[in-house]
Amino acid sequence: MTLLEQFEALRANAYSALTDERGSLGQFYTPASIASSLASLVEKPLLPVVSLIDPGAGVGMLSAAAAMHLADSGVREINLTVCEIAPEVLPFLRTGLVLINDWCVTRDIVFHVKVIEGDFIEWAARQVSDDLFATEQIRFDLAILNPPYKKIPTDSLHRQQLRRVGVECTNLYAAFVYLSARLLRDNGQLVSINPRSFANGPYFRDFRQQFFSIAPLHTVHVFKHRNSAFASDNVLQENVIIHAKRGTPPSHVRIVSSEAGETSEVVREVPMARVISADDPDQVLHLEATAADADVSDLVRSLPATLSDIGVQVSTGRVVDYRAKDGLKTGAGDGCVPLIYPQHLRGGTIEWPKHAKKPDYFYPGDAYASQLIPAGTYVLTKRFSSKEEKRRISAALITKENIPATHYAVENHVNYFHASGGPLEQELAVGLTAYLNSTLVDSYFRLYNGHTQVNATDLRALRYPSPSALRQLGQSLSGIPLITENVDQAVIKLCRQSEKKEDQGGALGPPGSRHPSRAA
């Protein structure tokens, strides 16, 4: 058996023994194919001696893959530090470290290992602290990691420790990546497999700003299918592998696209400014894995309007159901209004009432009257798309004709587009619904949004056709279902006609900024 085959057997043994422990810690141990993909991104070290850290090491699969890759790169001495918090995992890890040592001995490679039994965040925060009385600071040439995935409570000790070293992290994986970057020497490398959710959104803004300022990206490896990386664990979270390096940002970033663990099918060199704009305070990542992705990006970014340009605002539904339980009603009654949940958005329109698990009616009384919106024409979108849905953005049109009422109540998991709090023009709303439901917008949205959440912030950041173009589209689609191939073709034609004619030059701006020419 090869070294990684031995580790696959060890991983399987650990899985059968530690299922409950893994779940509570947010751990998913790395398959051999993914470990090889991570290690393959490591650049050849300048020196034959390498100091390596594997945070949250599990059984040591990543350490093994890194050792094999470093040996092939001419490294003759490996000084490995592994961290593991779960006592139940340590016997498996120690077995793995013996396997690595034996493998190194047969190749005349000097191998030293230090095992840190405990909390990586607590240990690493001490190492990177500016406190004059902190322990002796340790630095590494390489960090390789598959960090745990679990939310960090706002009032937790971890959040306090992270704030003391200058970053806000909402999830363990971001904390592990940030601290690992801080532990690197100049020109030190980091490779990590993470959920793609860090690429955009307010929750990871501070992490992105801090991390990219320390260790700029050099390579991003994306997988073609959401469940490719951890298929054996039935994990549907979309993942990416990142390779970053402490020092000056590169002029270009490699974007690799493949099936999990297979030879790369597409490798593109993309200007850094197309991946992360220096002018974007949110530091959102745009991952154009193919030339077709770049074409989609260019077309959407070339559109002339922001949401405010077309006189439209987007807000989150005002009814938080668990805070207004006394207003939720399953049947109609005096003073009740339609209550719109995500379940009511179907096929570009509203199917109401549903008589499903969620209530269809809302009684506002005096307590909740301010949470209503006047009935009329609005565009609604789901804030969360299910993993089975084909599109990330699901938009639907609501009108007085299909839902007669004086007011609507919109639940908090729904966004609604409005004109200063009131209804939209009918033709504008129809065109806007068709645009948001198009394959073009879905494809663009996936380039920078790595999760199933669609925030109002994301919708404000999109570029839109002009108001007249949207009205023209709405007029042409009157009475037609708003999610069809014909609608897709109409949206593409409209957007090509609406492209900004001026060539502004320079780099890509943030998602809501005006985009320059198509030159990649």
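For D102, all conditions in the list (1) under 36 Å from the mean Cα position of the chain (by Cα); (2) free of Cβ contacts under 8 Å to residues at least 24 places away in the same chain hold save one; what is the number of the exception?
Checking D102 against (1) under 36 Å from the mean Cα position of the chain (by Cα); (2) free of Cβ contacts under 8 Å to residues at least 24 places away in the same chain, the one that fails is (1).
Answer with yes or no whether T170 is in contact with a helix residue (DSSP H, G or I) (Cβ under 7 Å, 6 or more places away or on another chain), more than 29 Å from L70 (Cβ to Cβ) and β-branched (V, I, T). Walk me through it before giving the result.
Working: in contact with a helix residue (DSSP H, G or I) (Cβ under 7 Å, 6 or more places away or on another chain): yes; more than 29 Å from L70 (Cβ to Cβ): yes; β-branched (V, I, T): yes.
So T170 passes the test.
So which residues in region 404-441 are more than 30 Å from D298 (Cβ to Cβ) and hydroxyl-bearing (S, T, Y)?
T406, Y408, S420
Could you please give the count of residues in region 443-454 that are free of Cβ contacts under 8 Å to residues at least 60 places away in the same chain and open to solvent by 20 Å² or more (accessible area, probe 1.4 Å)? Break it down into steps so the answer makes sense when it comes.
In the first step, residues of region 443-454 are kept if they are free of Cβ contacts under 8 Å to residues at least 60 places away in the same chain; the result is 445-446.
From what is left, the residues that are open to solvent by 20 Å² or more (accessible area, probe 1.4 Å) are 446.
Final tally of qualifying residues: 1.
Quick test of your reading of the structure: L380 fulfils all but one of (1) assigned to a strand (DSSP E or B); (2) of a type in the set (A, V, I, L, M); (3) modelled with pLDDT under 95. Name the failing condition by number.
Checking L380 against (1) assigned to a strand (DSSP E or B); (2) of a type in the set (A, V, I, L, M); (3) modelled with pLDDT under 95, the one that fails is (3).
Touching a strand residue (DSSP E or B) at 6+ places or on another chain (Cβ under 8 Å) and modelled with pLDDT of 95 or more: which single residue out of R268, R254 fits that description? It would help to see each step written out before you state the result.
On the way: R268 fails: modelled with pLDDT of 95 or more.
Among R268, R254, only R254 is touching a strand residue (DSSP E or B) at 6+ places or on another chain (Cβ under 8 Å) and modelled with pLDDT of 95 or more.
Give region 349-365 a look and list any residue that's crowded, with 19+ Cβ neighbours inside 10 Å and under 14 Å from K382 (Cβ atoms), or say none.
Hits for region 349-365 are T349, I350.
Of everything in region 331-348 that's part of a loop (DSSP other than H, G, I, E, B) and in contact with a strand residue (DSSP E or B) (Cβ under 9 Å, 6 or more places away or on another chain), which residue is most open to solvent (accessible area, probe 1.4 Å)?
So, considering only residues that are part of a loop (DSSP other than H, G, I, E, B) and in contact with a strand residue (DSSP E or B) (Cβ under 9 Å, 6 or more places away or on another chain), the one most open to solvent (accessible area, probe 1.4 Å) is A332.
Tally time: how many residues in region 311-340 are farther than 15 Å from L372 by Cβ and touching a helix residue (DSSP H, G or I) at 6+ places or on another chain (Cβ under 9 Å)?
Count: 4.
Each row is one residue, and each column tells you yes or no for (1) under 30 Å from the mean Cα position of the chain (by Cα); (2) of a type in the set (S, T, N, Q).
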| residue | (1), (2) |
| --- | --- |
| S308 | yes, yes |
| G335 | no, no |
| G376 | no, no |
| T381 | yes, yes |
| R392 | yes, no |
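For P249, work out the one condition from (1) part of a loop (DSSP other than H, G, I, E, B); (2) modelled with pLDDT of 85 or more; (3) buried (at least 20 other Cβ atoms within 10 Å of the Cβ) it doesn't fulfil.
(3)
What pairs come out if I take residues in region 422-442 that are open to solvent by 10 Å² or more (accessible area, probe 1.4 Å) and pair them with residues that are charged (D, E, K, R) and outside any helix (DSSP H, G or I) whose C-beta lies under 7 Å away, six or more apart or interchain?
D442/R391; D442/R392
Residue by residue, here is whether (1) more than 31 Å from the chain's Cα centre (by Cα); (2) surrounded by fewer than 22 Cβ atoms within 10 Å (Cβ to Cβ); (3) under 21 Å from S180 (Cα atoms) holds:
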| site | (1), (2), (3) |
| --- | --- |
| S63 | no, no, yes |
| A71 | yes, yes, no |
| T81 | no, yes, yes |
| P91 | yes, yes, no |
| R94 | yes, yes, no |
| L97 | yes, yes, yes |
| D108 | yes, yes, no |
| K114 | yes, yes, yes |
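Just to be sure I understand, how many residues within region 26-61 are more than 25 Å from the chain's Cα centre (by Cα) and part of a loop (DSSP other than H, G, I, E, B)?
Matching residues across region 26-61 total 8.
Rundown of residues vs (1) outside any strand (DSSP E or B); (2) touching a strand residue (DSSP E or B) at 6+ places or on another chain (Cβ under 7 Å); (3) buried (at least 17 other Cβ atoms within 10 Å of the Cβ); (4) hydroxyl-bearing (S, T, Y), yes/no style:
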site	(1), (2), (3), (4)
L142	no, yes, yes, no
Y149	yes, yes, yes, yes
D155	yes, no, no, no
Q161	yes, no, yes, no
V167	yes, no, yes, no
A175	yes, no, yes, no
Y178	yes, no, yes, yes
A181	yes, yes, yes, no
D186	no, no, no, no
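The values are calculated or read from the model by the stated rules, or taken from the named source; none is laboratory data. The structure displayed is predicted, hence computed values, not measured ones. Cβ coordinates were reconstructed from backbone atoms using ideal geometry, including for glycine residues, and neighbour counts include every protein chain displayed. SASA here: full protein model, heavy atoms, side chains in, ligands and nucleic acids out. Shrake-Rupley method; radii C 1.70, N 1.55, O 1.52, S 1.80 Å.
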